[in-house]
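Written out below as structure tokens is the structure these notes cover.
Any read-out appearing in this document is the output of simple, stated calculations on the displayed coordinates, not a laboratory observation. What you see is a predicted model; the values in this text were computed from it and never measured. As a convention, Cβ positions derive from the backbone with ideal geometry for all residues, glycine included, and neighbour counts pool all protein chains shown.
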């Protein structure tokens with residue numbers, strides 16, 4: 001059952017493919033903000049996936065995060081999320097990314113529960 005308090009954590013290593021210069025969000029070989037946000041979304045998605053009805057998934061609808069510190073190639077990043085509210089189909093999360101126990105990013109993320117087939121059928 002989906003209830004506030006669910007938590008999840010994922011770990012990744014900063015590779016070339018995750019750097020700002022490779023994804024086009026900057027010119028430096030540091031962990032990029034878009035890839036940090038993608039990891040936060042993935043953490044939230046995988047947090048609630050086991051609790052959804054068959055055929056359902058979640059889609060991201062809001063991201064409000066800061067990226068407070070740079071992380072170099074090879075750094076190990078831990079992304080954590082906590083489900084803080086369940087409002088019918090709307091799910092609200094607190095998210096945080098750390099590198100060597102330093103918080104490098106934090107904020108809020110919202111997702112909505114959708115029926116995957118119905119959602120896709122609405123796309124032209």
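Points to keep in mind about this one:
- Whether region 1-66 is rounded, prolate or oblate, judged on the alpha carbon gyration tensor where a/c under 1.5 counts as rounded: prolate
- Sequence-separation-based contact order of the chain, relative, with Cα cut under 8 Å and 6+ spacing, percent: 29 percent
- Computed over the chain, the ratio Rg/Rh where both radii use C-alpha atoms and Rh is Kirkwood: 1.01
- Estimated 222 nm signal from helices in the chain, with DSSP H stretches of n ≥ 4 weighted -39500 (n - 2.57), rounded to 500: -6000 deg cm²/dmol
- Candidates 53, 94, 41: whichever shows maximal mean-square fluctuation once the chain is modelled as a Gaussian network with Cα springs under 10 Å: 53
- Inter-site label distance for residue 88 and residue 100 at 7 Å from Cα along Cβ, in nm: 4.7 nm
- Modelled this way, with points 7 Å down the Cα-to-C-beta line, the labels at residue 66 and residue 23 are 2.0 nm from one another.
- Degrees separating the helix 33-48 axis from the principal Cα axis of the chain, which is the longest one: 40 degrees
- If the segment from residue 73 to residue 46 were pulled out straight at 0.36 nm per residue, it would be longer than the present Cα-Cα gap by 7.2 nm.
- Once the C-beta distance of residue 54 and residue 13 is scaled by a Förster radius of 25 Å, the resulting FRET efficiency is 0.15 to the nearest 0.05.
- Sorted fewest first by neighbouring Cβ atoms within 10 angstrom, 51, 31 come out as 51, 31.
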